[in-house]
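K.L.:
Below: one structure in structure tokens.
The values are calculated or read from the model by the stated rules, or taken from the named source; none is laboratory data. Values in this document were obtained by computation on a predicted structure and should not be read as measured data. Note: ideal-geometry Cβ built from the backbone for every residue, glycine included; neighbour counts use all protein chains shown. The area values use the complete protein model at the heavy-atom level, side chains included, leaving out ligands, DNA and RNA. Shrake-Rupley method; radii C 1.70, N 1.55, O 1.52, S 1.80 Å.
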Amino acid sequence: MIEIPELAAAGLAAGTLSALVLGGGLLRARRTGARRAAEIETLRTHLAVAREEADRTAGACTAEAAHLAEHRLPATATRAVHPHVRVPGPLRPEVATGELGTALDSILTGVGTALDQERKRVDAAARAVMRGATREVQAGLYRLQDDLRALQQRYDDPELARTLYALDHENEQSLRRAQVASVVCGAWVGLAREDSHLVDAVTGGQSRLVGYERVEIGNHLEDGTALVSHAVEPVAIIVAELLDNALRHSSSDTRVMVHLERAHHGVTVTVDDAGVGMGSDERAYAQRMAAGSEPILLSELGDPPRMGLAAIGQLTRQFDLSVDLSSPSPYGGVRAVLLIKSHLLSRIDPVEQPPAASAPRSTRGAAEAAAQERSGRHLLTDLHGLPVRQSRRPAPAAPAPAPASGTPADLP
């Protein structure tokens with residue numbers, strides 16, 4: 001039999017072992033709980049930091065979106081009309097290189113493309129409306145021109161004739177403005193002509209202007225230099241617009257000089273004025289407009305619209321002409337040089353079809369006539385020192401004896 005003390009000792013040992021086991025488990029549970037509490041605190045800290053970062057990112061995105069709407073998009077829309085306007089970048093420099101910057105830039109690109117397409121669509125609609133309106137105006141002005149010229153031929157009263165000529169000139173100016181607007185809108189020039197003398201096309205453009213009497217034309221071309229039929233009216237329009245700019249921007253007591261010269265690739269018409277001239281920016285703008293290398297929208301012509309250079313650019317692009325405004329005039333103003341290439345030139349017999357009576361005569365023709373006259377005749381001097389032209393009659397077989405007085409026997 002087992003004695004009671006031994007049982008008590010065994011029970012006490014078992015209880016102690018159980019207590020140790022329970023204590024170890026409780027200690028492990030406390031350690032696990034502490035570790036988990038630390039992990040939870042760490043997660044809470046990370047979550048707070050992430051929340052703060054998310055709040056900062058959301059605030060930055062909100063600020064960038066507001067900056068995009070308030071500043072960058074309006075600047076993009078303005079730049080479509082005025083290319084010199086600068087579009088601001090993001091508020092924070094680091095955004096420009098990130099995904100957010102790329103997304104914002106794509107938005108700006110899409111908006112700019114949509115604006116360009118819409119501006120072109122609106123411009124095309126406006127051009128169509130203006131083409132129809134100017135076509136009706138031109139038709140009415142042509143009818144009025146025919147009526148005025150019929151009246152000029154019907155009546156002989158000088159006072160009435162002066163009034164009719166003044167009305168005809170005013171009608172011609174209105175017709176020129178309507179024609180220029182029509183050309184800018186992409187319409188045909190409006191007139192079909194035959195091959196004509198180049199000097200007639202230049203004087204025709206001159207006659208359409210106020211102050212045409214201030215224009216001096218020097219014709220240094222060969223007689224008979226002409227334009228092919230489809231280039232006559234475009235050249236007249238371009239010359240008229242160049243002369244109009246020269247007359248408008250120069251004093252009324254100065255002259256506008258025009259010179260027609262032969263060039264290697266064709267013929268040049270040079271217009272020089274003594275006006276105020278142009279700055280570098282104005283000259284670059286005028287050259288871009290007159291070159292016609294890129295399409296020009298009606299909204300780019302200003303208010304009121306300046307259509308002269310736009311019409312020149314349209315015609316130079318359509319008819320393979322060239323206008324240069326890059327050099328100043330020797331008179332202090334602006335020099336404009338119109339180059340008419342050889343394939344647009346032809347020749348007309350000046351005897352069978354002479355130029356208009358009011359057209360300036362060619363200095364080259366006068367020089368050739370003078371050279372022929374000098375080659376056929378030469379001056380002689382008589383005994384008294386008076387110049388005498390040699391006769392072209394054949395010399396006699398035997399010279400007549402001179403009289404005793406010593407004077408020439410026969411003066412032609």
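K.L.:
So, in segment 182-230, exactly how many residues are open to solvent by less than 10 Å² (accessible area, probe 1.4 Å), more than 28 Å from Pro350 (Cβ to Cβ) and among the hydrophobic types (A, V, I, L, M, F, W, C)?
P.N.:
Residues flagged as open to solvent by less than 10 Å² (accessible area, probe 1.4 Å), more than 28 Å from Pro350 (Cβ to Cβ) and among the hydrophobic types (A, V, I, L, M, F, W, C) within segment 182-230 amount to 3.
K.L.:
Here is a further query. For the list (1) within 21 Å of Leu175 (Cβ to Cβ); (2) of a type outside the set (Lys, Arg); (3) surrounded by fewer than 22 Cβ atoms within 10 Å (Cβ to Cβ), I need the number of the one condition that Ser251 fails.
P.N.:
With respect to (1) within 21 Å of Leu175 (Cβ to Cβ); (2) of a type outside the set (Lys, Arg); (3) surrounded by fewer than 22 Cβ atoms within 10 Å (Cβ to Cβ), Ser251 is out only on (1).
K.L.:
If you don't mind, there's one more thing I want to ask. Confirm whether Glu118 is surrounded by 10 or more Cβ atoms within 10 Å (Cβ to Cβ) and over 35 Å from the mean Cα position of the chain (by Cα).
P.N.:
no
K.L.:
For segment 279-308, enumerate the residues that are under 22 Å from His230 (Cβ atoms) and part of a helix (DSSP H, G or I).
P.N.:
Ala290, Ala291, Gly308 - these are the residues of segment 279-308 that are under 22 Å from His230 (Cβ atoms) and part of a helix (DSSP H, G or I).
K.L.:
If you don't mind, there's one more thing I want to ask. Here are the criteria: (1) more than 30 Å from Cys185 (Cβ to Cβ); (2) of a type outside the set (A, V, I, L, M); (3) open to solvent by less than 80 Å² (accessible area, probe 1.4 Å). Tell me which single one Arg86 does not satisfy.
P.N.:
(3)
K.L.:
When you scan segment 198-265 for strands (runs of 3 or more DSSP E) that lie fully inside it, which ones turn up with 1 or more residues that are closer than 27 Å to Glu352 by Cβ and free of Cβ contacts under 8 Å to residues at least 60 places away in the same chain?
P.N.:
Once the strands (runs of 3 or more DSSP E) in segment 198-265 are filtered for at least 1 residues that are closer than 27 Å to Glu352 by Cβ and free of Cβ contacts under 8 Å to residues at least 60 places away in the same chain, what remains is 256-263.
K.L.:
Output the residues belonging to segment 150-181 that are among the charged types (D, E, K, R) and either open to solvent by 60 Å² or more (accessible area, probe 1.4 Å) or in contact with a Gly (Cβ under 8 Å, 6 or more places away or on another chain) (or both).
P.N.:
Passing the criteria: Arg154, Asp156, Asp157, Glu159, Arg162, Glu170, Arg177.
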